[in-house]
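Some notes on the structure that comes next.
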Amino acid sequence: MANNTDAPFRIDLNTEQFAKEWAQVAWDKLLQALDKYDIGELDGPLWKSIQTQVIANNGDAQKVITKMLQYGRFRDMRVGRGVNLGQYRSRDNKRKKAPWFSKTYYSQVKRFIELYALHFNKVVMPQITEGLSGDISMEL
């Protein structure tokens, strides 16, 4: 993506389709991050557990939900298997940094907001302008 106007999918979709397209891109990015940090196996339970779901009503997206095994968050926070958060913060902890979820997911959320602003400007604003065109008067 060269600049903010480059989207990985069409931005002239309704909000439900738009959210579904973004959810697919975010899902792909999370799997790429798992691969990058060498967490789990391609057919392992964590990889299989990552799911996205779009809650919508009449074509309008209400929310996007991302689910996975809780174990994935532990790997992201570098805790688990005998290492609690207090031990992680100590200087002698040798556990490698692996922010596969937090870094990837929240960068995709930021990108979604940018793309949704483009969507709003391209699709919604012309509809508002069209609705407000013409004679608008009020008699008292």
Legend entry - Built amide H within the under 5 Å cut-off of Ala56, gap 5+: Gln62
Legend entry - Fully extended contour minus Cα-Cα distance, from Ile128 to Ile55, at 0.36 nm per residue: 23.8 nm
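Taken together, the values in this text are just the output of simple stated rules run on the coordinates, not laboratory data. Predicted model, so just to flag it, every value in this text is computed and none were measured.
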